[in-house]
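So the structure is just underneath, and the comments pick up after that.
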4 protein chains.
Amino acid sequence: MPDRHLHLDPETRTEVVRRLKSAKGHLEGVLNMLEDPGVYCVDVLKQISAVQGALSAINDRVLRAHIRDHVTTAAQRGDAERIVEELMEALKYKL
Amino acid sequence: MPDRHLHLDPETRTEVVRRLKSAKGHLEGVLNMLEDPGVYCVDVLKQISAVQGALSAINDRVLRAHIRDHVTTAAQRGDAERIVEELMEALKYKL
Amino acid sequence: MPDRHLHLDPETRTEVVRRLKSAKGHLEGVLNMLEDPGVYCVDVLKQISAVQGALSAINDRVLRAHIRDHVTTAAQRGDAERIVEELMEALKYKL
Amino acid sequence: MPDRHLHLDPETRTEVVRRLKSAKGHLEGVLNMLEDPGVYCVDVLKQISAVQGALSAINDRVLRAHIRDHVTTAAQRGDAERIVEELMEALKYKL
């Protein structure tokens, strides 16, 4: 099976879906908060930054799965330089 | 009216709601993407990082409104040290 | 005196010089560490990231002085929109 | 040879030393800039943030060497879980 190492394993996928739904719920909470005309700026900043933290944690989870897959398939794949490039490419999205 | 300077002005609030709804739609797109068992890690990382970029832009928008409010009311409020503390506090949430 | 609000006050300048010299000393320490051919990757990453933390703290110090100056002179200067633009411009360098 | 995979290869070490010396020169330039009492806040922020960018690029260089070493030795080392942990640990210092 070509390029299997670039796919997300089922366990990580389930976990990521669960956490993304939770982040979406958090965003909906911020939207509710914003229906109050008296909402405080700093509360909005705080909540949005909490969602960003959750998304960063999700990205770390995907990255970890990605790295594991690359490391465990490195011997069969052989081309270390390409594997390193793929990992560095993925790291560009680490915030 | 006490502490008016800490509230979000109506125009910014409308704009922030609009953009948060768009970020939520983007997140829903990522969730759809994840229904495909063959989804690529790097595509997930890329899309989540795009949502984070959108949230950062929203935070900048709130921050800008917050700063404007503090700057325009500074003369009436007088207490520069407290105003600076409030702004530095808000900056903690700038990612 | 035009544009006084854009200058660094003497106290902050002294403090920033002191801290920058310390960051420079830290960098020299990393260079010494690198003379050992057996140096560990993670130790290099850790030390460089500590220097980055010190530089971020210095930038926060400058930013705080910058904000204070803008807030205290806002009443005399009057042009809130330009003051906000200047502060947002400075925030671009906040890492 | 135990733990060879955790050391910095000679070529990367030379490159990192060269770039760190350049970052140190840049910091010395900021210190010179600060001898002028009329120095602008935003110029200080801009220069320090440029040094931070240089340090981030150096950290990316070390990280790349670190990842390459882990990927190429993964087959001999075998313990994928530990290799992934080591890489995730190194990523903590990526700013």
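The values are calculated or read from the model by the stated rules, or taken from the named source; none is laboratory data. Fair warning: this is a prediction, and the values are worked out from it, not measured in the lab. Don't worry about glycine lacking a Cβ; one is built from the backbone with ideal geometry, like all the others, and counts go over all protein chains shown.
Checked against (1) touching a helix residue (DSSP H, G or I) at 6+ places or on another chain (Cβ under 6 Å); (2) within 9 Å of chain C (Cβ to nearest Cβ), D:Ala54 passes all but condition (2). The requirement of being part of a helix (DSSP H, G or I) and more than 23 Å from A:Asn32 (Cβ to Cβ) is satisfied by B:Gly53.
Touching a residue at least 60 places away in the same chain (Cβ under 8 Å), more than 7 Å from every other protein chain (Cβ to nearest Cβ) and not polar (S, T, N, Q): does that describe D:Arg18? No: the conditions fail for D:Arg18.
Among the residues of the stretch D:1-52, the ones that are over 30 Å from C:Ala90 (Cβ atoms) and of a type in the set (S, T, N, Q) come to 2 in all. Considering the stretch C:30-42, and only residues there that are surrounded by 13 or more Cβ atoms within 10 Å (Cβ to Cβ) and part of a helix (DSSP H, G or I), the residue that is farthest from the other protein chains (Cβ to nearest Cβ) turns out to be C:Met33.
Looking across the stretch B:78-89, the residues that are under 14 Å from C:His70 (Cβ atoms) and either more than 9 Å from chain C (Cβ to nearest Cβ) or surrounded by 14 or more Cβ atoms within 10 Å (Cβ to Cβ) (or both) come down to B:Ala80, B:Ile83, B:Val84, B:Glu86, B:Leu87, B:Met88.
Being surrounded by 16 or more Cβ atoms within 10 Å (Cβ to Cβ) and at pLDDT below 95 holds for only one residue in C:Leu63, C:Leu55, C:Leu27, and it is C:Leu63.
Quick check on the stretch D:1-16: of everything there that is surrounded by 15 or more Cβ atoms within 10 Å (Cβ to Cβ) and among the β-branched types (Val, Ile, Thr), which residue is farthest from the chain's Cα centre (by Cα)? Ranking the qualifying residues of the stretch D:1-16, first place goes to D:Thr12. The condition of being closer than 20 Å to B:His66 by Cα, in contact (Cβ under 8 Å) with a residue 24 or more places away in the chain, out of contact with any strand residue (DSSP E or B) (no Cβ under 8 Å at 6 or more places or on another chain) and of a type in the set (A, V, I, L, M, F, W, C) holds for C:Ala65.
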